[in-house]
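The values are calculated or read from the model by the stated rules, or taken from the named source; none is laboratory data. Values in this document were obtained by computation on a predicted structure and should not be read as measured data. Ideal geometry is used to build each Cβ from the backbone, glycine not excepted, and the neighbour counts take in all protein chains shown. Keep in mind that these areas ignore ligands, DNA and RNA; they rest on the heavy atoms of the full protein, side chains included. Shrake-Rupley method; radii C 1.70, N 1.55, O 1.52, S 1.80 Å.
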Amino acid sequence: MLHEGLKGLGILVGYYIVAASALLMLRKWLKLPQELFRKILHLVCVLSVFVYVYAFVTWYLAALTALGFAIVLYPVITFAERYPKFMKVLSERKKGEIKKSLMIVHLMVAGLITIYWGWMGDTWKYIIIVAVMAWGFGDAAAALVGKAWGRRKINHRWVDGNKTIEGTLAMYFVSGFAILLTLIVYSGQPLPLLLLVTSAVAPICAIVELISHNGMDTITVPFSAAIPAFVLLYLLSWNGM
């Protein structure tokens, strides 16, 4: 058990070191715009879900590692905040943003692992990937499209002033594509059924992202993808479809 935990943690740390180093070099060579760099960094966190799902054999070690990683990152980044130049490299918009985001991401992953791997069993752990892919790629698309081409603001008391119709449509289509592709790879269900599930889940993700505030879409969107996707797929499998 200890060997598995240390091995998984080593792979996770190695993944972040390699991915972050490659991203920093890419930024230096290509002069990436700040927002694009932020979202690629965001996708580095998103793709770490594959380490949790595949580098661990037991769900509780994967969940505990995610929790431990979140706990350790907080004081590390708090210390790093003493050096503004370093935080500027990470394109932090306001103080505390990076450490808060990283903690929420890993807490969210730990929660998904506990429910859809620990509670539901190995058969359903691909729901973790479905949820994270829907949120990760959909959110990145919404931010990039909304900032670059968003012209029509959505004015509603449940929506903050930065959301646009263009960004929400990007969230809808990209999260839908991510859900469908992940289900095709992992679920083993016929394509018409997967299209049905995707058509039901993608708009939920888009609406939840639209009304989520203060970065809480990191939790609300993955679970808004996981819950209906699981329920629909469970009902379909229960009915022998």
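In table form, for the structure just shown:
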| quantity | calculated |
| --- | --- |
| For segment 33-42, 3J(HN,Hα) per residue [Karplus equation, 6.51 cos²θ - 1.76 cosθ + 1.60, θ = phi - 60°, Hz, x = Gly/Pro] | x, 4, 5, 5, 4, 4, 6, 5, 4, 4 |
| Summed side-chain charge close to residue 136 - residues other than residue 136 whose Cβ falls under 15 Å, Lys, Arg +1, Asp, Glu -1 | -1 |
| Per-residue HN-Hα couplings for segment 63-79 [Karplus 6.51, -1.76, 1.60; θ = phi - 60°; Hz; x = Gly/Pro] | 5, 5, 5, 4, 5, x, 4, 5, 5, 6, 4, 4, x, 5, 6, 4, 5 |
| Residue-normalised accessible area of the chain, expressed per residue, 1.4 Å probe, Å² | 53 |
| Computed accessible area, residue 207, all protein chains, 1.4 angstrom probe, square angstrom | 100 |
| Listed pairs 7/31; 125/153; 39/163 exceeding 26 Å between Cα atoms | 7/31; 125/153 |
| Segment 11-64, accessible surface, carbon-and-sulfur percent (1.4 angstrom probe) | 78 |
| Within the chain: Cβ-based charge dipole about Cα centre, in debye rounded to nearest 20 (Lys, Arg +1; Asp, Glu -1) | 1040 |
